[in-house]
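Read through the structure below, which is laid out as C-alpha cells, and then see the notes.
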C-alpha cells in the first residue's frame, strides 16, 4: 500500500456504519470538490470526541476553527492579489519619523498594486492602513483586554478579521503574505518578526522578502543585525546563508526594490515529491540552467536541474500551468541558499 492510500485510510474510522454516514453527510452537503479532505475533517472531530477532551480544550478548538474559517472566507475573495504584511508598534506616535515611513511605504506599495495587511491597531499599523487606504487593506485584529482596537481606516470594513488567538492570527500574517516588512516595535513585533524568520529558515513557510525597515537615518534595526552577527552567527547558532533571508534598510526605495525584484521573474514554488518546482514568469537560457546546476549543487541531493512544464501533481493550479519551470532535487535545508537561487533567476 502506498503512502497516498495510507492517507486515504486515515479518513476512516473502524465503524463501517459511521463511516458510511460520514460519506453520506459529505455527499448531501455537496462538498464534492475535495470529499476525502472533508471526510477527514469530520472523522477527526469524532476522534477528538473519543479522546474525551476537557470542556475548556473543546472551546479552544472551536474558537480556533472559527478564526480559521472566518479568515478563509475573507481572504478567499482576494487569493490572486499580492499582499504585504506590515508589523510595527501600536504605540508609535504620529509625529515619529517611522510613522511617516510606514504611511509612505504602504501608500507607495498600494499604488503599485499590492494590498496591505496589518494587525489593525494604531501606531505603525494605523499609519500603514491610512497610507494604503481602506480598499487596499486587511486588518487582522486580536481580542485583548487593553490597547488593541481597530484603527479608524479599517474599522467596520469587511476585510477586518478579529481573532481570538495569536497563533491563528500569526498564521494568516505569514500564509497570506508575498512580503513582510517589520518597522520598529516591541515584544509583539519581535515575536512576529522572529516567527517569520524561523518559519522560512526551517522551510515551514514559503520564502518571501523579509525587510526590517527603519525611518530614514534611524538606528532601530542596525543593533539587531549586529547582535545576530556577534552572538548567533559567531556561536554557530545560525548559518551564514540565514543572513540572506532578510534585508535591513532605512530607504523607502530599497525596500520597494527588494520586493519588486523578488518577483521580477520568479513567480512561486511548490514541492512535488522529492523535487522543488520553481515557477517563473519567463524561461531562462539553457546556459543559466547549467550555471545554476553547478553553482547550487550544494543544496541539491542530485546534480541535475531540469527545465520542465507543469507536473501532473500541479493540476489544482490551472491558472499558472502555462508558466515555465525549473525542477531541482532540493535538500530542504539551506533556505538562505535557495533565496540566492531565486535572486539568480530574477537576473533574467
Round to a whole angstrom and tell me the spacing of the C-alpha centers of the stretch 39-112 and the stretch 295-348.
29 Å
The FRET efficiency for residue 25 and residue 112, from their Cβ-Cβ distance with R0 = 51 Å and rounded to 0.05, is 0.65
So for the stretch 145-190, using the alpha carbon gyration tensor with a ≥ b ≥ c as root eigenvalues (a/c under 1.5 gives rounded; past that, a/b versus b/c decides prolate or oblate), I'd call it rounded
So for the pair residue 332, residue 270, with labels modelled 7 Å out along Cα→Cβ, what separation do we get in nm?
1.7 nm
Given the peptides 58-68, 113-123, 173-183, arrange them by the average over their residues of other C-beta atoms within 10 Å, most packed first.
113-123, 173-183, 58-68
Among (i) 19.1, 54; (ii) 22.3, 69; (iii) 21.6, 76, which is the computed Rg and Dmax of the Cα atoms in Å?
(ii)
So how much slack lies between residue 202 and residue 239, counting 0.36 nm per residue of separation and subtracting their Cα-Cα distance, in nm?
12.1 nm
Can you compute the modelled spin-label distance between residue 298 and residue 66, with each label point 7 Å from Cα toward Cβ, in nm?
5.0 nm
Over 12 Å, how big is the tail of the calculated P(r) for the stretch 260-299, in percent of all Cα pairs?
69 percent
Using 0.36 nm per residue, how much length does the chain from residue 47 to residue 308 gain when fully extended, once their Cα-Cα distance is taken away?
89.8 nm
Would you calculate a helix-derived [θ] at 222 nm for the chain, using -39,500 (n - 2.57) for each DSSP H run of n ≥ 4 and dividing by the full residue count, to the nearest 500?
-13000 deg cm²/dmol
Points 7 angstrom from Cα along the Cβ direction at residue 165 and residue 93: gap in nanometres?
3.8 nm
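Throughout, read-outs are computed from the coordinates displayed, never taken from laboratory work. The shown structure was predicted, so the numbers you read here are calculated from the model rather than taken from an experiment. So basically every Cβ, Gly included, is an ideal-geometry build from the backbone, and we count neighbours across all protein chains shown.
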